[in-house]
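Here the structure comes first, spelled out in structure tokens, and everything after it is commentary.
The values are calculated or read from the model by the stated rules, or taken from the named source; none is laboratory data. Since this is a predicted model, take the numbers as computed values, not measurements. Neighbour counts are summed over all protein chains in view; Cβ atoms, including those assigned to glycine, are modelled from backbone coordinates with ideal geometry. We work out accessible area using only protein heavy atoms, side chains counted, and drop any ligands, DNA or RNA first. Shrake-Rupley method; radii C 1.70, N 1.55, O 1.52, S 1.80 Å.
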Amino acid sequence: MTDISIIDRLKKEIDSFGSSNEVQESGVVRKVGDGIVEIEGLGNAAMAEMVRFDESSVSDVKDAISHDDALFGVILNLEEDTVKAIVLGESSRIKEGMVVFRTKKLLSIPVGEGTVGRILNILGEPIDGKGPIKADAISPIEREAYGVIDRAPVNVPLHTGIKAIDSLIPIGRGQRELIIGDRATGKTTVAIDAILNQVNEPKATRPICVYVAIGQKESKTARIAALLAEKGAMEYTIIVSAPASASAAFQFLAPYSGVTLGEYFMDKGKDVLVVYDDLSKQAVAYRQLSLLLRRPPGREAYPGDIFYLHSRLLERAAKLSKEKGGGSLTALPIIETQEGDISAYIPTNVISITDGQMFLEADLFNKGTRPAINVGISVSRVGSAAQTKAMKKVSGRIKLDLAQFRELEAFMQFSQDLDAETKKTIDGGRRLSAILNQNKNAPIPFERQVVVMYAATNGHFDSYAPEQIGEIESKFLSYLDREAKEVLEAIRSSKEISNDTETKLKDAIQNFVATNA
Amino acid sequence: MSLAHAYAEVIQAEEERGPSAGFSDKLFAFMKSRGHVSLIPHIARILDRLPSRRRVVVTLADENAEQKFSSEIAHALTSLNVHEQKKEVVIDPRAVGGFSVRSGNGIVDRTFRTALVSLYQNTIRQ
């Protein structure tokens with residue numbers, strides 16, 4: 001800021017400054033510790049209301065302005081003589097005897113087009129060093145979800161660019177699909193690939209993506225931001241970060257800030273994808289706050305309303321009706337399990353809320369199946385309603401074939417003397433599994449997935465060993481780019497495989513196989 | 001009504017009647033015999049919140065400010081529904097200038113300190 005601009009701003013502020021005899025409701029801090037403040041007074045305060053701490057009430061002006069921003073809190077407990085609030089900032093700034101004012105507002109954040117491409121904290125303040133954000137509106141972070149009447153069926157696919165998902169557990173725009181698995185099984189990679197793949201969508205229908213990092217290492221969030229920027233995905237992505245070093249209050253509120261940023265675009269008729277990475281950490285943060293607020297602990301010491309914490313968040317994902325603009329908000333919550341235990345408290349809660357789940361398993365990951373999705377027990381309750389006709393045509397039998405393969409694979413351990421039919425099924429299954437493998441951060445546009453799956457499921461790749469499939473797939477796609485680009489274009493534009501397209505595709509496959517025997 | 005509120009009402013009524021000799025000793029002995037001594041802090045808080053017992057604190061930066069801002073202070077006292085005679089004046093140089101009037105949960109803050117901090121934060125925020 002230059003000296004002249006500071007002077008101009010100060011003059012403007014002084015001109016518009018008005019002091020009045022308005023009576024403000026205030027309280028006094030009686031206790032502070034562990035991010036929780038007990039305030040005496042504020043008898044008329046409301047639940048979830050924001051309060052402002054007046055640091056100048058217990059210090060000199062010089063000390064009061066040592067921090068650039070005002071300090072706020074959110075009331076979470078209303079008791080007989082006092083209220084308890086969580087601090088949205090450093091609780092070391094709060095002193096006993098400090099005056100606290102009601103703001104008579106719920107916690108709200110700035111939303112708008114200016115947030116796209118930025119990294120924000122839970123208050124909507126930029127933390128990427130790229131300057132202030134011009135907000136189009138201020139929205140409260142807690143808001144009621146849309147009712148049944150305002151919603152429309154989910155029938156438009158959200159392509160993740162991951163073959164295993166788009167073919168077998170397809171996600172629709174407006175759906176909630178849980179990504180669940182142990183640590184280091186590729187959950188974040190699946191979510192990030194889904195964001196990266198949106199670069200392949202036409203701009204008019206490309207969803208705005210929001211990645212909410214809850215309790216993550218700042219180095220991991222920085223790596224993700226750099227990757228998104230490198231691949232051009234930051235042009236349509238917002239990152240909300242409440243790192244592991246942030247207070248429990250920030251980690252608790254981060255997902256609500258993320259969905260609020262997304263809802264702005266949904267209400268304008270756009271599609272939005274929100275990734276919550278991960279809600280297990282939000283649950284732990286909320287448990288910590290609830291215990292400090294002396295709320296009675298329940299199972300695993302979680303508070304009684306832990307289900308409501310997640311249900312009211314995830315219910316805000318929706319596909320809106322035409323009357324409401326037709327926008328959508330798709331949620332990809334992530335839950336981390338311990339030792340593969342999906343029957344634990346928080347995982348079962350979130351499984352019961354979402355419209356499907358994809359299980360990532362450490363065993364599969366270690367065996368080289370990546371993404372390590374167990375397609376047998378993963379499900380999408382929206383299913384083929386969220387698939388293009390082209391994908392439906394090629395993916396119909398895959399799940400069944402893979403299920404048969406897994407049964408036979410187990411049987412194979414006991415007997416090496418197998419009949420030809422069984423060997424054929426096993427080889428076919430191995431080839432299909434290899435087809436579903438994919439490199440990290442390399443999402444594939446849906447039309448390219450369709451042609452590869454078509455070739456694999458119609459036996460055109462049967463002459464190749466499963467170990468060769470990765471290389472063959474890559475060569476095949478390059479071949480199509482050179483020799484049969486119109487096939488890919490036709491599938492991309494029409495989203496189906498017409499008879500004419502199918503004929504051309506078959507010719508192209510046969511030519512490819514002939515030249516790559 | 002809770003027990004603490006009941007005790008507070010009794011105390012308040014006694015004060016309004018005019019305190020009788022030995023009332024507080026008798027009250028304490030009664031509470032002790034009933035095992036209600038632990039309610040005393042709670043009763044004190046209830047009594048503090050009663051409008052008639054609320055402290056009215058006028059904070060000024062220096063002694064001359066009371067004269068200078070007398071009409072504004074009177075206006076603020078009216079806004080807070082309190083009587084001028086009940087006010088207690090506190091000198092706090094940290095206020096820099098101006099005044100603030102606090103009664104119970106209500107406050108009228110016209111200190112220069114608050115205004116300066118607010119100006120600073122609004123300017124920096126842009």
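Any chance region B:25-40 includes a residue that's closer than 22 Å to A:Val29 by Cβ, touching a helix residue (DSSP H, G or I) at 6+ places or on another chain (Cβ under 6 Å) and more than 8 Å from every other protein chain (Cβ to nearest Cβ)?
Checked region B:25-40: no residue is closer than 22 Å to A:Val29 by Cβ, touching a helix residue (DSSP H, G or I) at 6+ places or on another chain (Cβ under 6 Å) and more than 8 Å from every other protein chain (Cβ to nearest Cβ).
Each row is one residue, and each column tells you yes or no for (1) buried (at least 22 other Cβ atoms within 10 Å of the Cβ); (2) more than 8 Å from chain B (Cβ to nearest Cβ); (3) without any contact (Cβ under 8 Å) to a residue 24 or more places away in the chain.
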residue	(1), (2), (3)
A:Gly27	yes, no, no
A:Gly33	no, yes, no
A:Met47	no, yes, no
A:Met50	no, yes, no
A:Phe53	yes, yes, no
A:Asp63	no, yes, yes
A:Ser66	no, yes, yes
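Criterion first (within 14 Å of chain B (Cβ to nearest Cβ) and either open to solvent by less than 20 Å² (accessible area, probe 1.4 Å) or part of a loop (DSSP other than H, G, I, E, B) (or both)) does A:Ile39 satisfy it?
Working: within 14 Å of chain B (Cβ to nearest Cβ): yes; either open to solvent by less than 20 Å² (accessible area, probe 1.4 Å) or part of a loop (DSSP other than H, G, I, E, B) (or both): yes.
Here the answer is yes, as A:Ile39 does meet what is asked.
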Among the residues listed as B:Ser71, B:Ser20, the single one being at pLDDT below 90, within 12 Å of chain A (Cβ to nearest Cβ), over 26 Å from A:Arg102 (Cα atoms) and open to solvent by 30 Å² or more (accessible area, probe 1.4 Å): B:Ser71
Residue tally, condition more than 24 Å from A:Ala184 (Cβ to Cβ) and surrounded by 24 or more Cβ atoms within 10 Å (Cβ to Cβ), over region A:266-278: 3
When residues of region B:23-52 are limited to those that are free of Cβ contacts under 8 Å to residues at least 12 places away in the same chain and among the basic types (Lys, Arg), the one least open to solvent (accessible area, probe 1.4 Å): B:Arg45
Qualifying residues in region A:85-98 (those that are under 24 Å from A:Gly124 (Cβ atoms) and more than 14 Å from chain B (Cβ to nearest Cβ)) - the one surrounded by the most Cβ atoms within 10 Å (Cβ to Cβ): A:Ala85
Which numbered condition A:Gly258 fails, given (1) outside any helix (DSSP H, G or I); (2) touching a strand residue (DSSP E or B) at 6+ places or on another chain (Cβ under 7 Å): (1)
Any chance A:Phe359 is modelled with pLDDT of 95 or more and in a strand (DSSP E or B): yes
Failed condition for A:Ala455, given (1) small (Gly, Ala, Ser); (2) over 30 Å from A:Glu489 (Cβ atoms); (3) crowded, with 21+ Cβ neighbours inside 10 Å: (2)
Positions within region A:73-84 being within 13 Å of chain B (Cβ to nearest Cβ) and without any contact (Cβ under 8 Å) to a residue 40 or more places away in the chain, in sequence order: A:Glu79, A:Glu80
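With B:Ser79, B:Ser100 as the choices, which residue is farther than 30 Å from A:Pro126 by Cβ, within 16 Å of the chain's Cα centre (by Cα) and surrounded by 19 or more Cβ atoms within 10 Å (Cβ to Cβ)? Before you say what the answer is, go through the steps one by one.
Values: B:Ser79 fails: surrounded by 19 or more Cβ atoms within 10 Å (Cβ to Cβ).
Step by step, each of B:Ser79, B:Ser100 is checked, and only B:Ser100 is farther than 30 Å from A:Pro126 by Cβ, within 16 Å of the chain's Cα centre (by Cα) and surrounded by 19 or more Cβ atoms within 10 Å (Cβ to Cβ).
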A:Ser433, sole failed condition from (1) surrounded by 16 or more Cβ atoms within 10 Å (Cβ to Cβ); (2) in a loop (DSSP other than H, G, I, E, B): (2)
Count of residues meeting criterion [under 30 Å from A:Lys134 (Cβ atoms), among the basic types (Lys, Arg) and within 7 Å of chain A (Cβ to nearest Cβ)] in region B:83-126: 0
Filter result (under 19 Å from B:Lys86 (Cβ atoms) and in contact with a strand residue (DSSP E or B) (Cβ under 8 Å, 6 or more places away or on another chain)) within region B:15-64: B:Arg54, B:Arg55, B:Val56, B:Val57, B:Val58, B:Thr59, B:Leu60
Selected residue [surrounded by fewer than 17 Cβ atoms within 10 Å (Cβ to Cβ) and touching a residue at least 40 places away in the same chain (Cβ under 8 Å)] from A:Lys504, A:Lys475, A:Lys485: A:Lys475
